[in-house]
Amino acid sequence: MSKRDDLIAKYADDLKNKCGMTPDMDLLTKVTIGCGPSIYNADASTVAGSQKAELETVKNNFLIKKLGLADGPQLMEAIDSVIETYGKSERTKYRAVVYYMLAKHFGKESVYG
């Protein structure tokens, strides 16, 4: 298995065991590929759920630019909900997992079609 395959398996494990979801492996793979080389960087591969600036970046770069959603309070509410699902106390929140859950939340799987 490649390093990316190992990471996808780790993300799927987080979705199952930490988030209580059965991952759609095809979508998870596409979201992971969409994250690009950031998945190999220890800092960039995770989302700091307690840092407002980091959450703004997720909102602007992923939800608005990538998924094409209109800005509004519902975006930050969805991010907060995903962080809550992942577990606020969970130190390592993988960006690919957060993006996957946000794409599912907004029914935007087609962006990765």
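Over the chain, calculate the relative contact order: mean separation of alpha carbon pairs under 8 Å at least 6 apart, over the residue count, as a percent. Before the final figure, lay out the partial values.
Numbers: 90 pairs, mean separation 39.4, N = 113.
That works out to 35 percent.
Any number yet on Rg/Rh for the stretch 53-102, C-alpha, Kirkwood?
On the way: Rg = 10.4 Å, Rh = 11.0 Å.
Reported Rg/Rh (Cα atoms, Kirkwood Rh): 0.94.
Accessible area per residue for the chain in Å², computed with a 1.4 Å probe and the full protein assembly in place, what is it? Let's see the in-between values first.
Working: 5980 Å² over 113 residues.
Accessible area per residue: 53 Å².
Quick one: Kirkwood hydrodynamic radius for the stretch 21-71, alpha-carbon pairs, angstrom, one decimal?
Values: mean 1/r = 0.0815 Å⁻¹.
Radius from the Kirkwood sum: 12.3 Å.
At a 1.4 Å probe radius, carbon and sulfur cover how many percent of the accessible area of the chain? Each step should come with its number before you reach the end.
Details: 2900 of 5980 Å².
Result for the chain: 48 percent of the exposed heavy-atom area is carbon or sulfur.
Exceeding 21 Å between C-alpha atoms, which entries from my cross-link table qualify? They are Lys10/Lys88; Lys10/Lys59; Lys59/Lys93.
Beyond 21 Å: Lys10/Lys59.
In terms of modelled amide H atoms, which long-range or inter-chain residues lie less than 5 Å from the amide H of Thr46?
It is Arg95, by chain and number.
The values are calculated or read from the model by the stated rules, or taken from the named source; none is laboratory data. What you see is a predicted model, and the numbers here were worked out from it, not measured in a lab. Ligands, DNA and RNA are excluded from the accessible area calculation, which covers all protein heavy atoms including side chains. Shrake-Rupley method; radii C 1.70, N 1.55, O 1.52, S 1.80 Å.
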